[in-house]
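Participant: My questions will all concern the structure given below.
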Amino acid sequence: MSDNDRKDIERAQRADTDRILTLPNILSFFRLLLIPIIVILYENGHSFWALSVLFLSGVTDVVDGWIARTFHLVSDFGKAIDPVADKLTQLVVLLCLLDMKYWWVVAALVAKEFIIGIMTLMALHKTHSVYSAGWYGKLCTMVIYLSMGIMILWEVITGNPIPETFVLIDSILIVSLILLSFAKYFIYFAKILKEAHNMRKAS
């Protein structure tokens with residue numbers, strides 16, 4: 001491969017990471033638009049349709065990631081907007097499903113996202129790179145979506161709220177995974193920021 005060919009490939013890769021209007025990003029915007037629809041349906045007693053829209057949101061989350069990787073449409077903007085759509089969906093739906101006495105679940109999620117969000121922005125500023133979610137973040141997201149689905153599905157099938165014992169145990173599990181995810185992300189970004197600081201100091 002000649003130097004010119006290599007430079008052309010590098011320019012194309014940089015262009016890919018800067019794109020905003022790609023199909024995966026459009027699907028992420030679509031998931032944001034689904035959030036108020038889920039809330040309206042659930043609050044008006046249409047639990048089945050709320051669950052259906054939540055399922056659609058989860059499917060588009062999987063599909064946009066597959067499209068981005070398969071067709072080389074991964075972009076820095078996509079790496080940023082995708083988790084925003086996920087976390088807002090989780091936060092809003094949990095607020096709908098959980099009683100106020102489970103405020104600590106939502107508080108843990110908000111605190112984790114706020115602190116890690118700041119560290120992500122600091123890493124972006126220092127390294128000019130956007131970082132994807134780790135397996136621990138994906139596991140936490142999967143369990144939260146599964147929990148929300150079970151809570152809504154229980155109401156759809158029985159017509160009654162899910163048993164209090166299950167909600168308590170599930171809430172403890174969710175918070176445990178949130179804390180695990182927080183610890184892993186904190187260590188990960190702290191290492192990145194430390195390395196960036198040492199490189200800047202050395203230069």
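Participant: Compute, for LYS138, the solvent-accessible surface of its heavy atoms (probe 1.4 Å) with the complete set of protein chains present, and express it in square angstrom to the nearest 10.
Facilitator: LYS138 has an accessible surface of roughly 120 Å² with all protein chains in place.
Participant: Measure nothing fancy, just the Cα-based angle from helix 135-158's long axis to the longest principal axis of the chain, in degrees from 0 to 90, nearest 10.
Facilitator: Roughly 20 degrees between the two axes.
Participant: Follow-up question, since we're still on this one. Working from Cα positions, state the angle (0 to 90°, nearest 10) between the long axis of helix 47-70 and the longest principal axis of the chain.
Facilitator: The helix 47-70 is inclined about 20 degrees to the chain.
Participant: Please give the FRET efficiency for PHE166 paired with HIS72, using the beta carbon to beta carbon distance and R0 = 30 Å, rounded to the nearest 0.05.
Facilitator: The computed FRET efficiency comes out at 0.10.
Participant: Quick one: angle between helix 103-127 and the longest Cα principal axis of the chain, in degrees between 0 and 90, rounded to 10, please.
Facilitator: Helix 103-127 and the main axis of the chain meet at about 10 degrees.
Participant: Still on this structure, please answer the following. With every protein chain kept in place and ligands, DNA and RNA left out, what is the accessible area per residue of the chain? Probe 1.4 Å, answer in Å².
Facilitator: 60
Participant: Which FRET efficiency value, to the nearest 0.05, is calculated for LEU173 and LEU23 with the Förster distance at 30 angstrom and r the Cβ-Cβ distance?
Facilitator: According to the calculation, E is roughly 0.30.
Participant: Put a dot 7 Å past each Cα toward the Cβ at THR158 and SER129; how far apart are the dots in nm?
Facilitator: 4.8
Participant: If you don't mind, there's one more thing I want to ask. Using amide H atoms built in the peptide plane, which far-off residues or other-chain residues are under 5 Å from SER75 H to H?
Facilitator: Long-range HN contacts for SER75: none found.
Participant: Once you keep just the Cα pairs under 8 angstrom separated by 6 or more residues, what percentage relative contact order results for the chain?
Facilitator: 24
Participant: Order VAL62, VAL105, VAL143, most accessible first, counting only protein heavy atoms with a 1.4 angstrom probe.
Facilitator: The residues order as VAL62, VAL143, VAL105, largest area first.
Participant: Any lysines with Cα under 18 Å of the LYS191 Cα? List them, leaving off those in the same chain fewer than 8 positions away.
Facilitator: Cα-Cα hits under 18 Å: LYS112, LYS126, LYS201.
Participant: Ok, one more. Quick one: if you stick a label point 7 Å off each Cα along the C-beta vector at VAL59 and LYS194, how many nm between them?
Facilitator: Here the answer is 4.5 nm between the modelled labels.
Participant: Something else now. Go through TRP66, TRP104 and list them by solvent-accessible area, largest first, probe radius 1.4 Å.
Facilitator: Most to least solvent-accessible, the answer reads TRP66, TRP104.
Participant: Additional query: Can you put GLU195, GLU43 in order of accessible area, largest first, using a 1.4 Å probe?
Facilitator: These residues rank, largest area first, as GLU43, GLU195.
Participant: Right, another one. Using a 7 Å offset from the Cα along the Cα-to-Cβ direction at both ALA202 and PHE48, what is the distance between the two label points in nm, to one decimal?
Facilitator: For ALA202 paired with PHE48, the spin-label model returns 6.3 nm.
Participant: Also, I was wondering about something else. What percentage of all Cα-Cα pairs in the range 73-112 are separated by more than 15 Å?
Facilitator: Value for the range 73-112 (Cα pairs over 15 Å): 48 percent.
Participant: Accessible area of the chain with a 1.4 Å probe: how many percent of it is carbon plus sulfur?
Facilitator: Whole-percent figure for carbon plus sulfur exposure: 71.
The values are calculated or read from the model by the stated rules, or taken from the named source; none is laboratory data. All values reported here derive from a predicted model rather than from experimental measurement. Virtual Cβ from ideal backbone geometry, glycine too; neighbours counted across all protein chains shown. Areas reflect the complete protein model, heavy atoms only, side chains present, ligands, DNA and RNA absent. Shrake-Rupley method; radii C 1.70, N 1.55, O 1.52, S 1.80 Å.
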